[in-house]
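Everything on this sheet refers to the single structure shown next.
The values are calculated or read from the model by the stated rules, or taken from the named source; none is laboratory data. What you see is a predicted model, and the numbers here were worked out from it, not measured in a lab. Ideal geometry is used to build each Cβ from the backbone, glycine not excepted, and the neighbour counts take in all protein chains shown. Calculation scope for accessible area: heavy atoms of the full protein, side chains included, ligands and nucleic acids excluded. Shrake-Rupley method; radii C 1.70, N 1.55, O 1.52, S 1.80 Å.
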Amino acid sequence: MALHKDFPSSPHAILDPAIRWFPADEALRETSLDKLLPPLVQELRKKVKAWREQDYAGATETSRTLLHWWFRTPHLLPRADGTMAEFQYYFAQREALETIIYLHDVAKVESKYDLMKFDATGMTQGSMFDESWRRYVVKMATGAGKTKVMSLVLAWSFFHKLYEPNSDLARNFLVIAPNIIVLDRIHKDFQGLRIFFDDPVLPDNGTDGRDWRDDFQLTLHVQDEVRITHPTGNIFLTNIHRVYAGNDIPASPDDEDTMDYFLGKRPSGATTDSKVDLGMIVRDINELVVLNDEAHHIHDSRLAWFKSIEDIHNRLKQKDAALSLQVDVTATPKHTNGAIFVQTIADYPLVEAISQNVVKHPALPDAPSRAKLAERQSAKFTEKYSDYLHLGVVEWRSAYAEHEKMGMKAILFIMTDDTQNCDDVATYLENTYPEFKDAVLTIHTNKSGEISEATSGKSKEELEKLRKLANDIDGPDSPYKAIVSVLMLKEGWDVRNVTTIVGLRAYSAKSNILPEQTLGRGLRKMYPGSVEEYVSVVGTNAFMEFVEGIQAEGVVLERKPMGEGTKPKAPLVIEIDAENEKKDLEALDIEIPVLTPRVYREYKNLVDLDVASLTTTKVPYQQFSAEEQREIVFKDITTGEVTHTTILDTAGVADFRSVIGYFARTIMADLRLFSGYDVLYSKVKAFVQGHLFGQEVELENQNTLRNLSELAALRTILGSFKKAINALTIRDKGDAEIRDSIKLRQTHRFVAKDQSYFIPKKSVFNKIIGDSHFELMFASFLEDCGDVASYAKNFFAVHFKLDYVNANGDISDYYPDFLVKLTSGDIVIVETKGLEDLDVPLKMRRLKQWCEDINRIQSEVNYDFVFVGMEEFERFRPTTFASLMAGFTTYKNASG
C-alpha cells in the first residue's frame, strides 16, 4: 500500500490519477484500483484530468475565468516580514473545485442518478443517497485547507449566479459548523470577508471585463447576530442546531451526546437563548447553498442534522426553487460502520498529505523504546501509567527545547478515560515536573469528545473561558504547556503546536472515533513550507493498536527511538551559535555588501513588441483530414506529454480563444510575468494569424487549430515570444551601488528538515547542512584549512543572492554555496558542483561581475570567487585554501 514511486513531493504538483494512493498492493493497481476507492472518485479524477487538459471545455465563462485566476495566474502575496511570496493553492484544493465545477457545468448533474453515472464499481444504488438535492462530499486530510475550499466554492456560486443567465446556484450561503470550536475557527477566516481578500479568491476588477471585487457584496451573520438581511448576499455562519425546525425534528438517541453547551440544547420552536429564529430566516430566502464543515456528522437520514437541511430544501421546493448545492468537507467522511460516504467526489487522503509535508508525520516509539514501558500494579491511575507519562514528558521536553529556539511553544496532549483520572494526571504533572507548575489545562469532555457543561460541572461563563484558553494555547501569552482531556477534543480544536500525544485509554471497536480523528489534533504544522515535522505518539498497548489502525489508510507510521538521550522529533534549528563560549562570533562574522540589481524587467516595453519582426522559421501549414482535426492535442515541448486540448463549442466549432489564451498564459507563467495578459494575448493572436505560418490563416478554422497542436508550432510560438520578450524587457544597468550589507551573525534562526549536518568550529552557525554529501565534505575541508578564518553555508535565510539571466534568457536568482573569510581578510565566494548544467557558466560570469563591481566600489576588503567541481576536488585533494584557489581556476577568465 505504499505510494507510487512517481508520486511528487510538492503539494502543488498536478497529480495524475494513475499515481494516486489506493489501499492495496501495487500489483493490483491496473486491475482493482477503481474498486478500492470511493466509488465515484477514480472515474471523476480521470474525467477532470481530461477536462483540465482541455482548458475546461464546456464550462461557463464565469467558471473558466475563476479557474484560470485561481490556478493558472501567478499570485504574489505579502509576507509578515514585508517581502512578497508567490501563493499557490494546493492541488487537493484545486481538484476539489475543478470536480465540483465539472459536475455542475459540464456533466450537468442534477440528481443522485446523474452522479451515479460516475460509479466505477457498478455497486452504487439510489438507496445509498439519502438526500434528494445535489450534495457533494470532499474528503481532505486534516490541515490540507478545507476552509479555503469552502471560500472558493462560495465565491464561484456567488459569481455564477450573478453573471450567468439562468444559473441555478445561489448568492446566499448557510455555513454550518458542528460545534462552537469549529465555528470560531471559520469565523476568524470569514470575519470582514478576510479570506476572500487575503487569498487571491476574487479576480482583479477588469478581468475579462467584469468588476469582480466591486460586485462581491456579502454580509456575514454569525449565529444569532443577524443583521438586516437582503434577498441575496448573505452568509449565515452557525452550528446546525440554530436552524432546527422545532417540533418537526423527532428526537433521536444518536443526538444526545452532542447536546452540550457549545451546540445548545435541543430547541423547541425558537432556538434556546436565541435573539432571533435563525431557522425561519434561512427558510424564508429563495436561493441557498449549504457549506458544511467537518461533515461526517451528517451521516444518517434519521438525525436532526440531516432533517434540518432536508426541511430547508423542502421549503424551497414549495417556492418552485430548491437547495442549489450542498458541499461537505471533512477528513473522515465515514459512517459508523466504516463505510465511506457514497457522495464523495474528491479524495486527498492522509497518506498523500503526509508524503507532501502538508501535515506532520506521526512517529511512534520503536520496539526497544516500547519494550521499556510497562503498566504498574497500582489502583492509582498515574502510578499505573507512570512509564507512559514520563516518556511523553521526555519527548515533549526535547521537542520544546528545539521549538523554543524558533519562538514557538510545543504542547503536550494527554488523553485519559474519565474525569477523575483526568484530574489525577493534571495534578501529577504539576507536582512531578517543575515546568508544568500552573501550566496544565484540564478539559473534561463527554462521550463524543466535546466539552460538556454537565460532565465538567462548570458554569457557562467558565466553559466559555475554558474554550478560549484551549483555542489560544499556541500563543506566546498562554501560560499552558499541556492539555489533559477526557478522550480527545472534538473537531475544530486545531491548534498547530501539539508535538506529543499520550493516550492512556482503549478504544472499543464500536467507537465512532476514527484513528485519523485522534491523530488529527496533532497533525497541523507549526511552520510554513515543506519542512518535515513530527508528532510523537505514545500510549498504552490498546491505544497504540488503535492508532496503528491508521495504517489501513496507507499511512506509514515511523518508528523512532524515544526517551532520554534520543534526538528530538523536531526540524533542525539552524541559528547563530551564541551560547558557544569557545566561539568569537565577531571574529567569525562575515560581512557581504548588498548591491543594487543590475538586471531588471521594463514591463512597459511589452507593448512595443513587434510580432512582424520576430525572427523565426515559418511553420509549414498542413492540411489535415476531418478525423485528424478532431484530435487537437497540445504537448509539452520537452517531455511530449499532453498539456492541453482544444475546446469545441456545442456546434462542434473549435474555439481559438482558448488556444491563444493557453499560449499567452504559458508564456506568462514561464517568464513569471504578473501582468500584461491582455497585451500579450493580442500579440500572440496577431502572430499566429499573420506570421507563424508564412501566410494569413483563419483562426476559426479547425484545421488551423490542428496545426497549432503540432510541436513545431508550439516550440516556435513559445520560443519566439520568450526570446523576444526577454530581449525587449530585460535590461542591464551597467553599474551597481552598495545599498546595504549582510552580517552573518544577524541571520534569523530557521528550521530545516531533519538531515545530516556538520558541527562547525569556524562558523557563526551552530550547524552546517548541505544539499549534498559533497557540500558537507567541503565544509570539513574548510574547517581544516589553516588559512581559513571563518566560513558559512549560504543558507536562504542569509538572503545573499545575485540576479542573473539564465540559459532560457529569463531573470533568475542565484544563491552561491559558501562564503569564506581568509586569514588575510579577503572574502571568497565559493560555488560547489557535482555535475554542471547550462546555467553554471552564466552564474559564474555573474559572480565574476559582482566581484569586479564590489572591488571597484570599495577597497577595504578584496572579494574573489572560485568554482569547485566535485570530481576535481576528490582527485587533487587540496590541503589549503590557497592551493584550492591556485588549482581551481575554472571561469576565472570568463568574459564579462
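Only residues that are at pLDDT below 90 and open to solvent by 20 Å² or more (accessible area, probe 1.4 Å): list them for the stretch 225-244, please.
GLU225, VAL226, ARG227, ILE228, THR229, HIS230, PRO231, ARG242
Give the residues of the stretch 534-545 that are in a helix (DSSP H, G or I) and either crowded, with 20+ Cβ neighbours inside 10 Å or among the hydrophobic types (A, V, I, L, M, F, W, C) (or both), sorted by residue number.
Result: ALA542, PHE543, MET544.
Restricting to the stretch 81-125, and then to whatever is of a type in the set (Val, Ile, Thr) and either within 21 Å of the chain's Cα centre (by Cα) or open to solvent by less than 40 Å² (accessible area, probe 1.4 Å) (or both), can you tell me which residue is nearest to GLU352 (Cα to Cα)?
THR99
If you go through the stretch 749-769 one residue at a time, do you hit one that is acidic (Asp, Glu), loosely packed, with under 13 Cβ neighbours inside 10 Å and in contact (Cβ under 8 Å) with a residue 40 or more places away in the chain?
Taking every residue of the stretch 749-769 in turn, none turns out to be acidic (Asp, Glu), loosely packed, with under 13 Cβ neighbours inside 10 Å and in contact (Cβ under 8 Å) with a residue 40 or more places away in the chain.
Between GLU602, GLU548, GLU553, GLU581, which is under 27 Å from LYS405 (Cβ atoms) and either open to solvent by 30 Å² or more (accessible area, probe 1.4 Å) or polar (S, T, N, Q) (or both)?
GLU581 is the lone residue from the list that is under 27 Å from LYS405 (Cβ atoms) and either open to solvent by 30 Å² or more (accessible area, probe 1.4 Å) or polar (S, T, N, Q) (or both).
State which residue is modelled with the highest pLDDT when the search covers only the stretch 457-496 and only residues that are of a type in the set (Gly, Ala, Ser) and not in a loop (DSSP other than H, G, I, E, B).
ALA482
How many of the residues in the stretch 682-709 are under 25 Å from PRO203 (Cβ atoms) and either open to solvent by 50 Å² or more (accessible area, probe 1.4 Å) or in contact with a His (Cβ under 9 Å, 6 or more places away or on another chain) (or both)?
Going through the stretch 682-709 one residue at a time, the tally reaches 2.
To keep it simple, each residue is scored yes or no on (1) within 18 Å of ARG521 (Cβ to Cβ); (2) under 30 Å from the mean Cα position of the chain (by Cα); (3) open to solvent by 20 Å² or more (accessible area, probe 1.4 Å).
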position	(1), (2), (3)
ASP347	no, yes, no
ALA353	yes, yes, no
ASN357	no, yes, yes
LEU364	yes, yes, no
PRO368	no, no, yes
GLU375	no, no, yes
ALA379	no, no, yes
LYS384	no, no, yes
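List the number of the failed condition for GLU575; all other conditions in (1) among the acidic types (Asp, Glu); (2) closer than 30 Å to TRP850 by Cα; (3) over 34 Å from the mean Cα position of the chain (by Cα) hold.
(3)
Select, from TYR89, TYR136, the only residue that is touching an Asp or Glu at 6+ places or on another chain (Cβ under 9 Å) and closer than 30 Å to HIS748 by Cα.
TYR89
Only one of TYR815, TYR791, TYR863 is among the aromatic types (Phe, Trp, Tyr) and surrounded by 20 or more Cβ atoms within 10 Å (Cβ to Cβ). Can you tell me which?
Residue meeting the stated conditions: TYR791.
What residue, among those in the stretch 775-789 that are out of contact with any Ser or Thr (no Cβ under 6 Å at 6 or more places or on another chain) and outside any helix (DSSP H, G or I), is nearest to PRO760 (Cα to Cα)?
Top of the filtered list is VAL788.
Tally the residues that are in a loop (DSSP other than H, G, I, E, B), under 17 Å from ALA664 (Cα atoms) and open to solvent by less than 30 Å² (accessible area, probe 1.4 Å), restricting the search to the stretch 47-73.
2
Please go through the stretch 629-665 and give me each residue that is modelled with pLDDT of 60 or more and within 22 Å of ASN726 (Cβ to Cβ), ordered by number.
Residues satisfying the conditions are ILE660, GLY661, TYR662, PHE663, ALA664, ARG665.
For the stretch 389-420, enumerate the residues that are hydroxyl-bearing (Ser, Thr, Tyr) and open to solvent by 10 Å² or more (accessible area, probe 1.4 Å).
SER398, TYR400, THR419, listed by residue number.
Does at least one position in the stretch 435-456 carry a residue that is assigned to a helix (DSSP H, G or I), modelled with pLDDT under 80 and β-branched (Val, Ile, Thr)?
Checking the stretch 435-456: at least one residue is assigned to a helix (DSSP H, G or I), modelled with pLDDT under 80 and β-branched (Val, Ile, Thr).
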